[in-house]
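What follows is one structure encoded as structure tokens, with my remarks underneath.
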Amino acid sequence: MADIFISYSRNDSEQALALVDRLRAHGMTVWIDQHGLEAATSWSKEIANALQQCDVMLLLLSSTAVSSVNVAKELSAASQLHKRIVPVQLERVELQGEFLYHLSGLQRAKYDDFDSILRAVAKTDQEVSPNTTNSTEQAPPRARKTRLRAIVAASIILVLGAVGYFAFRPSSSGSTASTVKTLLVLPFESLSADKENEYFADGMTATLIDMLVPVTDLQVADRSTSMEFKSSKRDVKEISKLVGCRYIVNGTVQREADRILINAQMSDAETGSVLFSKSFFGSSRDLFQLQQQIAQNIVVELQLSLSTDSVYVPLGGKPASPEAWDLCMRADYEESHNRIDSSIALYVRATQFSPYYAHPYLQAAREYGNKYMGDTTATRSLVLADSFLAIGRKLDTAQLYSHFVGSWIATVHHDYDRAISEATAYLKKQPRRSGGYYLLALAYATSKQYGLAADNFLESLKRDPTAPQDRFMVLYCLWFAHDTVRLHQQAAASIPIFEAWLKWHPDDKSVSNNSIPLALVWSGRGDEACKRMEDLLRTPNVDSQYVLNTAAISALSGKLDRAMEIMRGKIARSGVQSVDFERPFFDNLRNLPEFQSWVKQKEALPKKHG
């Protein structure tokens with residue numbers, strides 16, 4: 001049995017054989033058809049056997065290889081056999097057709113970098129094999145904002161270097177109308193012997209939330225809020241107070257082989273009573289129906305109803321196979337742990353099991369958009385985002401989720417008119433989801449329509465009150481819109497929310513040293529903000545970033561002499577190259593000659609590229 005199968009075009013025989021020699025010199029067994037694939041009129045049994053027995057396929061990419069029918073056959077077979085594929089680039093090529101389909105998300109090694117090829121071959125396979133157990137036949141749309149918020153914050157907000165703050169975190173309760181009942185579904189605990197089944201419990205929780213969102217007169221906390229309480233030891237009353245939800249659903253899920261056991265209960269945190277506690281049994285294929293039963297129990301106990309107007313509708317297109325749905329749940333789990341490449345690979349594999357199922361195409365498009373925002377030099381990621389979106393849009397016949405992804409990809413392209421149009425179309429179909437308002441706000445913010453952005457961030461907060469980064473975005477947009485009256489009001493209301501979050505996460509320096517000081521300044525409590533930052537400067541080994549933050553807070557508070565004194569010391573230690581003079585928080589200093597001199601010095605420095 002050979003470790004490595006080499007797939008190549010006959011025109012690349014010389015390079016292929018040279019690579020084989022080097023691999024064998026490192027003790028690896030390699031299979032190669034030395035006649036070249038182009039010489040074969042059909043696939044031989046020998047080639048098929050070699051593919052079945054190998055661990056890794058090394059695919060040599062060249063212009064002739066990507067136009068070869070036989071190379072494409074081998075690639076498709078390797079993918080169907082779940083072999084690890086390592087593309088090795090002989091020359092720059094644009095992938096199309098099956099090559100684009102199967103190689104999406106895979107990192108290419110360069111032919112002249114043999115060490116990178118060795119690392120890729122030796123690397124433990126991180127792709128998750130498809131679970132053979134069955135699952136529900138449909139997967140829900142998950143208009144999640146977590147990664148969008150983090151990436152967009154890093155890209156367009158740049159608020160005193162507070163990128164770390166914009167990870168999704170709940171803060172405190174939000175008010176709701178007395179006629180609307182508030183509910184939080186806590187992450188179901190996995191009791192399965194196999195710890196890898198944790199993704200299954202998370203996926204089940206997410207789908208249950210999606211089923212409940214459309215119910216009239218019920219406000220359901222966002223999934224990201226729910227996941228903040230995973231493995232939390234807090235009691236129901238404490239959680240209810242933090243989130244502002246009266247009713248709490250929690251439970252356990254156990255999956256062994258093809259059998260599922262779900263224990264679910266709902267409590268009234270206000271009275272302390274348990275409204276129901278039931279067990280639900282079935283096979284993996286019954287999961288969707290089991291979740292519907294739980295949802296029905298919830299709405300009945302709350303004296304609501306799952307009417308035809310408020311029923312959960314999965315994505316359009318052909319239904320997913322159990323394998324595809326399982327892979328999507330795994331991909332979603334990987335994304336929640338910030339493993340974007342692994343998430344993309346799993347979504348792409350899901351398309352192989354259910355090629356007419358919209359969900360994985362749209363999720364892959366969104367993830368590629370996220371990847372591009374994290375590295376705008378990776379233009380291939382943006383091309384792939386567009387390609388997967390185009391496929392997903394055709395398959396999403398109900399257009400329930402493609403507008404959401406379309407709005408995000410349009411924002412990535414800086415096509416803000418289209419982003420606004422797509423987000424508006426999504427809201428018409430999904431008016432109860434906070435994600436639509438968030439994307440609309442994002443499009444307005446990035447197109448510098450800050451007043452409209454603030455309005456929509458506030459709408460998002462009404463539906464998802466436990467999103468402090470959205471609350472901060474409201475302040476930021478009101479500041480840029482020069483809406484001082486609302487800025488003062490919203491900043492004053494936000495301070496206790498941020499402080500409540502700190503009681504929960506006392507080590508969150510970005511909130512304590514960035515968000516709260518700015519809210520204090522904008523609420524008219526600049527002296528308190530300056531004192532907080534001055535105290536920070538006296539702590540041992542203070543982060544250099546917070547030195548600049550202190551200067552910015554001083555400048556915003558009108559303490560220009562102190563701001564310049566702090567910056568003077570910072571520049572004396574590390575030079576002007578370490579200061580971003582473009583920050584709007586330094587606007588009060590721009591007319592000062594010394595500040596202008598620093599700006600000119602930095603402009604004279606050689607520009608950094610790459």
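General observations
- A simple rule links phi to the HN-Hα coupling: the Karplus curve 6.51 cos²θ - 1.76 cosθ + 1.60 with θ = phi - 60°, which for the stretch 180-190 gives 9, 8, 10, 9, 10, 9, 6, x, 5, 7, 7 Hz, with x for Gly and Pro.
- Ligands, DNA and RNA left out, the 1.4 Å accessible surface of the stretch 472-610 is 52% carbon and sulfur atoms.
- For the stretch 482-551: rounded, prolate or oblate by the Cα gyration tensor [a/c cutoff 1.5]: oblate
- Directionally averaged projected area (convex hull, Cα atoms, the stretch 486-610), nm²: 9.1
- Loop-located GluC sites (Glu not before Pro) in the stretch 523-591 (DSSP state not H, G, I, E or B) with no more than 15 neighbouring Cβ atoms inside 10 Å: Glu582.
- Relative contact order %, the stretch 363-462, counting alpha carbon pairs below 8 Å whose residues are six or more apart: 20
- Between Ala551, Thr539, Leu520, the Cα set farthest toward the positive side of the dipole of the stretch 507-609 (charges on each charged residue's Cβ, about the Cα centre) is that of Ala551.
- For the stretch 231-297, the share of accessible area belonging to carbon and sulfur comes to 47 percent (1.4 Å probe, ligands and nucleic acids excluded).
- Per-residue accessible area (protein heavy atoms, 1.4 Å probe) orders Lys602, Lys503 as Lys503, Lys602, starting from the largest.
- Interchain or long-range residues, amide H under 5 Å from Gln399's placed H: Gly316
- Surface per residue (accessible, 1.4 Å probe) for the stretch 380-431, Å²: 39
- Sorting 554-560, 322-328, 115-121 by their mean Cβ neighbour count within 10 Å, with the most densely packed peptide first, gives 322-328, 554-560, 115-121.
- Gyration tensor (alpha-carbon) shape descriptor, the stretch 339-454, a/c threshold 1.5: oblate
- Only Lys, Arg (+1) and Asp, Glu (-1) charged, at Cβ; the stretch 517-590 dipole about Cα centre in debye: 120
- Per residue Cα convex hull volume in Å³ - calculated over the stretch 511-569: 65
- Toward the positive end of the charge dipole of the stretch 394-516, with +1 on the Cβ of Lys and Arg and -1 on the Cβ of Asp and Glu, the farthest Cα among Tyr444, Trp501, Gly406 is that of Gly406.
- Working from label points 7 Å from Cα in the Cα-to-Cβ sense, the Leu191 to Glu528 distance is 4.7 nm.
- For Gln219, distant residues with modelled amide H under 5 Å away: Lys181, Thr182, Leu183
- Charged neighbours of Ile47, selected by a Cβ distance under 12 Å, balance to -1 (K, R count +1; D, E count -1).
- Summarising the amide proton neighbourhood of Phe276: residues at separation of 5 or more, or on other chains, whose placed amide H is nearer than 5 Å comprise Met266.
- For the stretch 535-610, applying the loop criterion from DSSP together with a ceiling of 13 other beta carbons within 10 Å to the chymotrypsin sites (Phe, Trp or Tyr not before Pro) yields no site.
- Distance from the stretch 551-610 to the stretch 219-253 (C-alpha centre basis), Å: 44
- Whole-number accessible area per residue in Å² for the stretch 478-610, which is evaluated in the context of all protein chains at 1.4 Å: 53
- Heavy-atom SASA rank of Lys462, Lys195 (probe 1.4 Å, accessible area, largest first): Lys195, Lys462
- Checking the cross-link pairs Lys237/Lys509; Lys559/Lys600; Lys83/Lys233; Lys181/Lys448; Lys531/Lys602 against a 32 Å limit on the alpha carbon distance flags Lys83/Lys233; Lys181/Lys448 as lying beyond it.
- Rounded if a/c under 1.5, otherwise prolate or oblate - the stretch 401-496, Cα gyration tensor axes: oblate
- Mean accessible surface per residue for the stretch 201-255, computed with a 1.4 Å probe while every protein chain stays in place, in Å²: 33
The values are calculated or read from the model by the stated rules, or taken from the named source; none is laboratory data. Everything numeric here is computed off the predicted structure, so don't read it as measured data. Reconstructed Cβ throughout: ideal geometry from the backbone, glycine too, with neighbour counts over all protein chains shown. What goes into the accessible areas is simple: the full protein's heavy atoms, side chains included, and nothing from ligands, DNA or RNA. Shrake-Rupley method; radii C 1.70, N 1.55, O 1.52, S 1.80 Å.
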